[in-house]
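K.L.:
There's a structure below that I have some questions on.
The values are calculated or read from the model by the stated rules, or taken from the named source; none is laboratory data. Since the structure is predicted, the reported quantities are computational estimates derived from the model, not experimental observations. In this analysis, Cβ positions are derived from the backbone assuming ideal geometry, glycine residues included, and neighbour counts consider all displayed protein chains. SASA here: full protein model, heavy atoms, side chains in, ligands and nucleic acids out. Shrake-Rupley method; radii C 1.70, N 1.55, O 1.52, S 1.80 Å.
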Amino acid sequence: NILLALWHDRILFTLWYMAWRFRPHGPRFSLMISASKDGDILAGATHRFGGDAVRGSSSRKGREALVGMLDRLDKGYNGVITPDGPRGPRCRAHAGITLLAQKSGVPIVPVIAGAKYAYRFHSWDRFMLPLPGTPVRLIYGEPIWVPANADDVMREHFRKKVEDDLNALTREADDWRTLRRPVEGRLPPI
């Protein structure tokens, strides 16, 4: 199992993808969602998509959320976390994701969805809603393993790496000139 990290503004398409990818296997992903009223909406959507919600965040019920996510990861679920949520600052990772990866022994995999055309809400995260029929792509980064014996300095290093990797993937996902199309009959280079 893995711990997917994505920015808060990109959660909608990623949640749909997780539901499509893991639906045949049951609710095999668990999303950490804030314990706020706004989080209730996302928790309902997560359940409708076939996922599981762990309620809590860095600002409220953080310890319970950490313990709940550790339990889900121990049971083989894939975790999904927005390290800049629930209040930001936008595209800045909080330290909780590295602590969770360290305690669980599960790698962090950065993932970003990019839409060619999308509506941006006027919220703190500039939430992205892909327009109907627009091309959307999902880009994964390299796994990030946080050692079990990591101290505060090492955790900060990995927090910064998660942040930098997610921001680099975001730039790539939003730049549609970087899209590599396969030549007919041949696979694209890796």
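K.L.:
Quick one: with all protein chains in place, what share of the accessible area of the chain is carbon or sulfur, to the nearest percent (1.4 Å probe)?
P.N.:
Its accessible area is 56 percent carbon and sulfur atoms.
K.L.:
Just one of (i) -0.90, -1.20, -1.73; (ii) -0.89, -1.15, -1.55; (iii) -0.81, -1.08, -1.58 is log10 I(q)/I(0) by the Debye sum over Cα atoms at q = 0.15, 0.17, 0.20 Å⁻¹ calculated from these coordinates, so which is it?
P.N.:
The value matching this structure is (ii).
K.L.:
While we're looking at this one, here's another question. Might you report the magnitude of the Cβ-based charge dipole of the range 79-148 about its Cα centre, with Lys and Arg at +1 and Asp and Glu at -1, to the nearest 20 debye?
P.N.:
Once rounded to the nearest 20, the dipole reads 220 debye.
K.L.:
Further question: What nm value, rounded to one decimal, do you get for the distance between R137 and Y117 when each label is placed 7 Å out toward the C-beta?
P.N.:
For the pair R137/Y117, the computed spacing is 1.8 nm.
K.L.:
Still on this structure: 222 nm [θ] for the chain, helices only, -39500 (n - 2.57) per DSSP H run of 4+, per residue, to 500?
P.N.:
Calculated at 222 nm, the ellipticity per residue is -11500 deg cm²/dmol.
K.L.:
Next question, about the same structure. Whole-Å semi-axes of the range 60-165's equivalent ellipsoid, largest first, each the root of 5 times a Cα gyration tensor eigenvalue?
P.N.:
They are 27, 15, 15 Å, listed largest first.
K.L.:
Rounding to the nearest 20 debye, state how big the charge dipole of the chain is about its Cα centre with +1 on each Lys and Arg Cβ and -1 on each Asp and Glu Cβ.
P.N.:
Computed about the Cα centre, the dipole is about 420 debye.
K.L.:
Also: Positive end of the dipole of the range 27-175, charges at C-beta (+1 Lys, Arg; -1 Asp, Glu), about the Cα centre: which of Q102, F158, V80 has its Cα farthest in that direction?
P.N.:
Checking the options against the dipole of the range 27-175, the answer is V80.
K.L.:
Over the range 1-159, average the accessible area per residue using a 1.4 Å probe and give it in Å², no decimals.
P.N.:
51
K.L.:
Follow-up question, since we're still on this one. Taking only Cα atoms, what is the 0 to 90° angle, nearest 10, from helix 62-74's long axis to the longest principal axis of the chain?
P.N.:
The two axes meet at around 70 degrees.
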